[in-house]
1. Please report the carbon-and-sulfur percent of the accessible area for the range 262-339; probe 1.4 Å, protein heavy atoms only, DNA, RNA and ligands left out.
2. May I ask you to compute the full-extension gain from Ala295 to Asn109, defined as 0.36 nm times their residue separation minus their alpha-carbon distance, rounded to one decimal in nm?
3. Of the DSSP beta bridges with both residues in the range 28-334, give the percent that are antiparallel, rounding to the nearest 5.
4. Figure the gain on full extension for Ser444 and Ala100 (residue separation times 0.36 nm, minus the Cα-Cα span) and round it to one decimal in nm.
5. Quick one: order Lys375, Lys366 from most to least accessible surface, probe 1.4 Å.
6. Determine the per residue accessible area of the chain with all protein chains present and a 1.4 angstrom probe, expressed in square angstrom.
7. Run the quick spin-label model on Ser91 and Asp214: label points 7 Å from Cα toward the beta carbon, then report their separation in nm to one decimal.
8. Leaving ligands, DNA and RNA out of it, report the carbon-plus-sulfur percent of the accessible area of the range 381-452 at a 1.4 Å probe.
Amino acid sequence: MGWGSSLGVLLLCLVSVSMVWSSVNGIGANWGTQASHRLSPDIVVKLLRQNGIQKVKLFDAEYDTLRALGRSGIEVMVGIPNDMLLTIATSVKAAEKWVAKNVSTHISNNNVNIRYVAVGNEPFLETYNGTFIQSTYPALQNIQSALIKAGLSNQVKATVPLNADVYASSGGLPSGGDFRTDIRDLMIAIVKYLSDNGAPFTVNIYPFISLYTDDNFPVEYAFFDGNASPIVDGKATYYNMFDANYDTLVWALQKNGFGNLPIIVGEIGWPTDGDRNANLVYAQRFNAGFMSHIAGGKGTPMRAGPIDAYLFSLIDEDAKSIQPGNFERHWGIFYYDGSPKYQLNLGTTNTGTLVKAQGVEYLEPKWCVMRPSAKLDDPQIPPSMSYACGLGDCTSLGYGTSCGNLDARGNISFAFNSYFQINNQLDTACKFPNLSMTTKTNPSVGTCRFPVMIKPYYGGAGRLQKLPGGLVAALVLLLVTLV
């Protein structure tokens, strides 16, 4: 997931939404795998099925993940990462090989219900400075050609998940919607190609980012309770950003001759940590409100009908880049171990609540904490914290977070324990010089959870990412000074 550089205009902060194109009803989920300790794909597929989630969107085409989805009946959108776009754009043969390996084989041999190929992920983000502008459309064309050659083009559709910054509103109202000036011709060409091949427009929606980037943003307008001051646009009245942004896209499509193009909401959700507006209360309120909002299939003022959407995301990912913000690792409706974060009715089960993952194995219940005898002015603390946070996950620390009420010693213990757990509780991972010790007493307090890690899954290669050094240093300076 990426972000636009500016989301200042009320309607542009979000991302748009839309109508059903898929043959499967019900909510979908994004399944990301950028975690230090992944649940096994078999456990995740069982989690999906137990929660009645019948659609899943992937960011790659990892073999073990697709194998586990075989014979599950779950509808799948496989992904092509942005760093592969140039290769596929410049070689029809490369596209054909990719489709043969990652689509055809899994459909024919493993009975995976692949319905879409996501060509890139928000490739036209302004923050990418045009890196993928030349390669995205040719890659889409080559993948589509490969699907046709493989005899799969009726079953599998190629689409491009896009961020809302590909369109704008000249007057701040949905009716002013049109595609971004610098890529307008390219967007119209892509939209026409999608239409010609019976494929949907895929767009990601993030009201949370509006609050993150603008302290003056009207909070209520991000939710679905009807408490916000409405925006009137001609005969249409908008009580939430979702509907307004959806219709901004509908207007953009309609103005360019594609008013009936199906739309998929590729990502929509709310994070639970890493920022003062990222918490369990807001996340539950947003996701529950969204589920209620789309349950009746009413649609929006500009386009009636059910909405095809994928929640972002299924499970937390503690190895994602935090360049967009510390919240980036906390989008899941489930924690890292597949336990539900809050009560949420997806409308897919008899219980009306989320069902936790089954068969999860944990490491021993022990933690790494700061020694009681260690001094806060010990010169080894800053480099030790920097090391622990750089190779662990300290995004639950800081102002307004779940562990924001910890004192300096608590912050240090949290950092040590994160590094300790991510390194599978190795003795050497709790050997910070004269500063650390292991304990079997759970140091969790209030809303702050000191996790015990799950046992590692070795079936696939994780994509662990380190924090940028500057972010680590800034975080460390903040945490060690908190008292």
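1. Details: 1120 of 2120 Å².
Heavy-atom surface of the range 262-339 belonging to carbon and sulfur, 1.4 Å probe: 53 percent.
2. Difference between extended and current length: 63.4 nm.
3. Working: 8 of 37 bridges.
Looking only at bridges with both residues in the range 28-334, the antiparallel portion is about 20 percent.
4. 119.0 nm
5. Lys375, Lys366
6. With the other protein chains kept in place, the chain gives 39 Å² per residue.
7. 4.5 nm
8. Working: 1580 of 2990 Å².
The computed percentage sits at 53.
The values are calculated or read from the model by the stated rules, or taken from the named source; none is laboratory data. From a predicted model like this one, the values you see are computed outputs, not experimental measurements. For neighbour counting, all protein chains shown are included, and Cβ atoms are generated from backbone atoms with ideal geometry for every residue, glycine included. All accessible areas refer to the heavy atoms of the entire protein, side chains included, with ligands and DNA or RNA removed. Shrake-Rupley method; radii C 1.70, N 1.55, O 1.52, S 1.80 Å.
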